[in-house]
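Take a look at the structure set out below.
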Amino acid sequence: MTHSSNKYILMVVAAVLLSACVTKKYERPAAVSTDKLYRDQASADSTTMANMPWQTVFKDDRLKALIQKGLDQNLNLKNAIENIVQARASLRQTKLAYYPTLNADANVTRTKQSEAGLNFPAGININTLTTTYKLGLSTSWEADIWGKLSSSKRAALATYLSTDAAKQAVQTQLISDIANNYFLLLAYDKQLEITKSTLESRIKNVEVIKALKEGAIVTGASVVQSEANQHAAEVLIPDLKRNIRETENALNILLGQPSGPVERGTLGDQVIPEKLEIGLPAQLLENRPDVRQAEFDFRTAFETTNMAKTYFYPSLTLTASGGFSNLQLTDFFTNSVFYSLIGGLTQPLFNQGLNKARLTSAQSRQMQAMNNFQQSLLVAGQEVSNALYAYEMAVEKQDSREKQIEALTKAVDFTQQLLEYSSATNYTDVLTSEQNLLAAQLSGINDNLQKLQAVVDLYRALGGGWK
């Protein structure tokens, strides 16, 4: 190994050591904690439904077709992908900073000198017009002594990874929105079905009450009350139809297409995972896209602070230029070679205020990014806890709601029979029991919807849908 090679190696080692003194290597902050993120949950099992593909979580083929169409056509998701393209281009640009620049220069310069004040002897002809032909190459290279270029590349890489995580977050939210709106649409369908069936029953009931009035079993007031009860069911139908139309339109926006009908199944056919596995809170750091995005944003701010520190130290730049320059084209390549090689250190002297302001701003943005990182974890833990509790409460209501509907159905039958065959009751009892039954049936549908949407929300909160 030659002496010059040893000298080069020592210079490289020295540059690395100097860089390590100025810039720091990224490590996840110790202040970021995932302890007790899940309220009242102390699971030690790392199995999580976040690792399940969305095609496995959702069993309805029509829903899966809608989700796939949304992933193919949603405009917000397409914009998120374009952000990745832009970040990838910026990353390539920072990698090129390690290489020297190379510029070619070809020009012709014509210069005319002023003849005023020139006292040449008579008969001497002085040509004051000069033409210079020049062809050359120039290059410049900055040595990454303090780690400025390395920090710049790492910042660009973190930004690129952040845009990728942001795209994943858009995807998980899109899947959640499509599924939730789909289940909401099925719930409206079921409520409309029950309301129409109730209306048909109440129309028949009006005829029964009119017949009872003719038999002097009830009064005219009961007839009027039965008609009002019929209209009370009728007025529910337009609102349900409007809700169905608006939910269909909302789904079509998510699918990136004009408004129109949506092909769908029924609420009773929906199947959800039997066991909801949430894993460990620490897994949110890897599974939840918006948490990963927040950490990448923090890493970008961290590396920007590293770069701001390097401006306080001198930069080493090597420049070289060479080529041909002559006054005549005929012998342009003869005795017209020129070159220069310059190496220099540039140390900031009078811009310390600018460098300090740059560093202060970078450190402040890093602190904000750190706060956002911690906030994203807290929000993730809250959403998991809320979704899991919503599911548990929906299940808890289910048994009681079924018993309530069963009891109210019997109450309606009993009161109608008593009204028709005896005077032991009046129509107000029938009216009350019928109204309570419809309300309980509609609430039962909402309970089922709450359970389905809680599963969707839990799946998204855990970070499912992008893998």
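The values are calculated or read from the model by the stated rules, or taken from the named source; none is laboratory data. Keep in mind the model is a prediction, meaning the values are calculated, not measured. Every residue, glycine among them, receives a Cβ derived from its backbone with ideal geometry; neighbour counts consider all protein chains shown. Side chains are part of the model used for accessible areas, which takes the heavy atoms of the whole protein and leaves out ligands, DNA and RNA. Shrake-Rupley method; radii C 1.70, N 1.55, O 1.52, S 1.80 Å.
Note down the accessible area of Y133, probe 1.4 Å, to the nearest 10 Å². About 50 Å², ignoring ligands and nucleic acids. Contact order for segment 165-315, expressed relative to its length and based on alpha carbon pairs under 8 Å spaced 6+ residues apart, stands at 32 percent. Projected over all directions and averaged, the alpha-carbon convex hull of segment 202-278 occupies 9.6 nm². The convex hull of the Cα atoms of segment 136-252, projected and averaged over all directions, covers 14.0 nm². Working value for segment 269-313: equivalent-ellipsoid semi-axes of 42, 10, 4 Å, each the square root of 5 times a Cα gyration tensor eigenvalue, largest first. Under 22 Å of direct C-alpha separation, and excluding same-chain neighbours fewer than eight residues apart, K36 reaches these lysines: K275.
The alpha-carbon of K403 sits under 21 angstrom from the alpha-carbons of these lysines, leaving out residues fewer than 8 places away in its chain: K190, K451. Of all lysines in the structure, those lying under 21 Å Cα to Cα from K78, and not within fewer than 8 positions of it along the same chain, are K64, K69, K167, K467. Using the Stokes-Einstein relation with a Kirkwood hydrodynamic radius computed over Cα pairs, the translational diffusion coefficient of segment 186-330 at 20 °C and a viscosity of 1.002 mPa s comes to 89 µm²/s. In order along segment 26-36, the phi-based Karplus estimate (6.51 cos²θ - 1.76 cosθ + 1.60, θ = phi - 60°) of 3J(HN,Hα) comes to 6, 9, 4, x, 5, 5, 6, 10, 10, 5, 6 Hz; Gly and Pro are listed as x.
In this label model, V224 and D61 are separated by 5.6 nm, measuring between points 7 Å along each Cα→Cβ vector. The distance between label points at Y133 and N249 comes to 7.4 nm (points 7 Å beyond Cα on the Cα→Cβ vector).
Ordering Q417, I405, Q453 by the projection of their Cα atoms onto the charge dipole of segment 389-467, which places +1 on the Cβ of Lys and Arg and -1 on the Cβ of Asp and Glu, puts Q453 at the extreme positive end.
Straightening the chain between A44 and Q73 buys 6.5 nm, computed as 0.36 nm per residue apart minus the Cα-Cα spacing. The length gained by stretching the chain between T109 and K275 to full extension, at 0.36 nm per residue less their Cα-Cα distance, is 51.6 nm.
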